[in-house]
Each structure stands twice: as C-alpha cells, then as structure tokens.
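Report on one structure; see the data block that follows.
The values are calculated or read from the model by the stated rules, or taken from the named source; none is laboratory data. Values in this document were obtained by computation on a predicted structure and should not be read as measured data. Cβ placement follows ideal geometry from the backbone for every residue including glycine, while neighbour counts extend to all protein chains displayed. For accessibility, only protein heavy atoms count, side chains too; no ligands or nucleic acids. Shrake-Rupley method; radii C 1.70, N 1.55, O 1.52, S 1.80 Å.
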Amino acid sequence: MSKQSSKNKTKGFSKLLNGVEKVGNKLPDPFMLFVYLAVFTILGSWIISLFGVTTTQPGTGEEIPIKSLVSGEGLQYILTSMLENFTGFKPLGLVLAMMLGIGLANKVGLLETAIKSTILKAPKSLITYAVIFVGILGNLASDAAFVIVPPLAAMVFYTLGRHPLAGLAAGFAGVGSGFTANIIIAGTDALLSGISTEVMESLDSNIVVTPVDNWYFMIVSVVVLSITGALITEKIVEPRLGKYEGEGGSELEASTKLEKRGFRNAVLAALGFIALLIIAIAIPGSALRNEEGGMIPSPFLSGIVPIILLFFITIGVAYGVTVKKITSTRDISGFMGEAMKEMSGFIVLIFAAAQFIAYFDWTNIGTWIAVSGANFLGSIEMTGLPVVIGFVLLTAVMNMFIFSGSAQWALEAPIFLKMFYLLDYHPAFIQAAYRIADSSTNIITPMNPYIIIVLAFMKEYDKKAGLGTLIALMLPYAVIFLSVWIVLLLAFALLGIPFGPGVGMYIN
C-alpha cells in the first residue's frame, strides 16, 4: 500500500469522525435529549403494547409483556417513581461520594503535586500506555474507575502539553472498553461465571464455569489492549484533535519544598491506610471477607467505593494539613463543598437520564429487543466460528440497549450457552466471546450512565463539546478494540491456547 493511499484512508476516516461529531452535536442539549428519549419511550411503549407484543424470559420461561406508560399503571409508575428513580440512581451516589474525596484531594492541590512528582517524571513515550493500562486495571474499583481515571488522564496530558481530551479519551477507553479485562481475578469473573454455571446445571451438572476460566485470555487482553489503545490515541485521536488552545487548565509549576513534604506525608498516609486495610482483611474471621473466608464476592468488594472515599479523604487531609491549606475541620467541609458546586450541572443532567433509563427498563422494551435479537441469531443454522463471531457482533449491538453486563448475560446465557453446548463449545469460551463484545461498546452506548460524567469532564476543556464530540472521540476505540479482540479470540481458539486452566474452545 502506498503512503498516499494510506494518507487518503486516514483522511477519509477523519472525515467520517468529523461527520459523526457534526451530526451528534446537532442533537439537543444532553438534558433535553434524555427528556426526549423518555417521551419517546412513553409513546413507543404505548404503540408496541397495542399489538400485544410479549417476550419470554430466558431461563424462567415467563411471558413478559411490553408495558405501556400511557395507561393508569404507567401514569402511577411515572409519578410515584420519579424521586426514587433520581435518588436511587446508582451512579449518582457513587459519583457524588467519590467526588467528596477526590474533590478534597484536588482542591488542596494533592492531585496536581502527585502528577508533578510521579507521572511527569516517567518517560513521556510510555505515558499513553500507562494511562490505558491503569484504566483497564481500574475495574478492580468497579464503576468508581469511570469517575477517577478519565479526568486524571486529562490532567496528565494537559500538563505534558498534549491535548487533554486525548488523555480523557484514553482513560475512558481503558476503563470502559477494557472493563472486563484484568491481570487478576475480579468481581466480574465471579459474577459472570456464576450465571454461566447456573445455566449449565440444567444441561450438564458436571460442567462448572469458575472465575479463573477466562483468566489467561484476560491477562493477554490487558497487554494487547494497552498497546492498541495507546496506538489509537497517538495515531488517530491526537492528530485529529490537533493542538489544544483552550483554557481548561493552568500550567503546572515545579513543586515547592512544602508541596514535596506534603506529598511525602500523603504517601505515608496512603501506605498506612493500605496497611491497616490489609490487616483488617487478613485477621481471622474478618468482616471484610465472605462466609467462606474468600474475597470474591465479599463485603470488601461491595464496599470498595466507601473505602476509596476514605482513602482520598485520608491522603487529602494529610497533604492539606502539611501545606497549611487545612487549618481546621471547617476547611475540610469547605473544600468538599467547593467540589460539590462543580457537580451541579451533572446532578441536573442525571435527573433526566435516570427517568429515561427507568422507563426503558420498566416497559420491558430493552428485554424484548435483547431476546428478539438473541432468538434471531439462534435460529440461523450455522456451525463453527462464524456463528460465534455473529454472536459477538449481536452482543455488541445489544449492549447499546442494556448497559449492565450481568443483566445482559443473564438474558443471553440461557439461550446461547445451551445452543453452543449442543455444538460442543465450552461455555467458558462462549462467555469470553460475550465479554469482549459487551465491554467494547461500553463507551459509545447512551445507556452507559457514566458517559454523562465523561461529557461533563470534557466540557471543562471544551465548552462547545457535545455528545457527538464524545462519540466521535470514542468510536475508533470501540471499533478497533472489538476488531482486535475478535482476532485475539480466534487466535486462542485456532491455536489451541487455553482460555483459563484446562479450558479450550471445545468441551472435549
């Protein structure tokens, strides 16, 4: 291929992304967009229900109707659930709680000093790889990683004189599209394997899918995706963004002796916090372990957000006291209050988003779309890897409607695990295929509540940025991650590389 041909293709792809951004930014303000989507769901549920559309719940066989919001029952639900939809919206509490701690650490200057004292001293050529890698491993903190990694990555890039939105995109891609991968066993492994095992019990009680059955594949995935994500950032995203000329941040000056001392004390506080946490976990009969003494699942993993909150408060106070920005307890609450003021726009936006997502779930439209798509693929009489790839692509599309990985797997597993079992495919292999599809499109689905948060972070650097800007920014990651992951899946399958201890593509 000639250099000119390569350049033309690059320009063509850039024009495509510019088109996506242009069209996307013509969409209404995000708040109104979710209002319109909620109205569309209300009207759509009414129209679909007129045809008596139903779907069968996989596993239970229960007949589920499409419920109309234009009905007495629907009106009651809209009125009685509005406050609960808002206050009970999981990301709302998670984000606000996290920002209490992160906001404190940021307001006293700890995050800025940490960047100057650590990441900025690392080889610049490795920064992008490090951001993607940390983002992928961030799923250990569950959804909290969506709040922590992208804004910090943007700060790192800005400080280095690079475009902050490229850093934000890299961080979001690592956390979102790489969510299911890790180098150690995480809660996702336990949750999905538990669903798989339960489904398989009805067919073959001898087949058990364990949390380590996708481990080898996910370890390799971390390395491959870190490299892929860095190349996408440096070869596609950054060149398209160009030089940053906004006023979203300030230049970082060299750390003073007092700041260095504060950072040292914050590190000591962090080590002390971690040491106490390890001791609390290690003691016999620890309340942070499950009844069997294990960690997956456990109260520790369930309480990871409060633990991270306390961690940031601890190191923030240690730094703030040292640099004399915190001289009384009033200062702590004051800095937290300042951080919350900056979240006001997000809170308003969440109110509308929470209503739409709740309506979509209550009407069963999402379940109907997912099950219908799954049944369609299941009706195609194909064998071999092409049908597995078809399953991957269908799952990637279905993820645009159902963001929860466990909820979507609970819908798909009873259909596809059974179908592929009859073709002798190992359920852990099919589970791995599901995971790469479900993870890749996390960053472009409007059903991802954290996409709103990332958009809010983006507006700090580009006031004119809209949903189209964000989708255009993240689309290369979603498409290329999925493509590379499919190739990796096929490589493991065709070369006979185990996906986990003793797990191959086939049962026998």
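Annotations for the structure displayed:
- Counting protein heavy atoms only, segment 43-85 has 65 percent of its accessible area on carbon and sulfur, 1.4 angstrom probe.
- Cα centroid of segment 32-93 to Cα centroid of segment 331-363, whole Å: 21
- Estimated inter-spin distance, Asp424 and Phe40, nm [label 7 Å along Cα→Cβ]: 4.6
- The GluC sites (Glu not before Pro) found in segment 280-350 that occupy coil by DSSP, while having at most 14 further C-beta atoms within 10 Å, are Glu291, Glu292, Glu342.
- Under 17 Å from the Phe31 label point (7 Å along Cα→beta-carbon), backbone N, segment 460-480: 460, 463-467
- Cut-off under 5 Å, modelled amide H: who pairs with Val53 long-range: Ile66
- In nm, spacing of pseudo-spin labels at Thr54 and Asn206 (7 Å Cα→C-beta vector): 3.8
- Helix 144-159 axis versus longest C-alpha principal axis of the chain: approximately 50°, rounded to the nearest ten.
- For a label point 7 Å along the Cα-to-beta-carbon line of Ala282, residues of segment 288-309 with backbone N under 16 Å: 288-289
- Portion, in percent, of the accessible area of segment 422-508 that falls on carbon or sulfur, probe 1.4 Å: 68
- Inter-probe distance in nm under a simple model that places probes 7 Å from Cα toward Cβ, at Ser483 and Ile183: 2.8
- Taking the chain and dividing mean pair separation by its residue count, relative contact order in percent (alpha carbons under 8 Å, at least six apart): 26
- FRET efficiency, Glu245 to Val223 (Cβ-Cβ, R0 51 Å, nearest 0.05): 0.90
- Length available on full extension from Val348 to Ser81: 0.36 nm per residue minus the Cα-Cα distance, which gives 94.4 nm.
- Within the chain, the longest segment free of exposed loop sites, counting trypsin sites (Lys or Arg not before Pro) that fall outside DSSP classes H, G, I, E and B and have at most 13 other Cβ atoms within 10 Å, spans 27-242.
- Were the residues from Leu393 through Leu160 laid out at 0.36 nm apart, the gain over their Cα-Cα distance would be 80.1 nm.
- A full extension of the chain between Leu231 and Glu62 corresponds to an added length of 56.2 nm, given 0.36 nm per residue minus the alpha carbon distance.
- Solvent exposure of the chain, expressed per residue, is 45 Å² of accessible area, with all protein chains present and a 1.4 angstrom probe.
- Sorting Ile48, Ile279 by solvent-accessible area of protein heavy atoms yields Ile279, Ile48, largest first, with a 1.4 Å probe.
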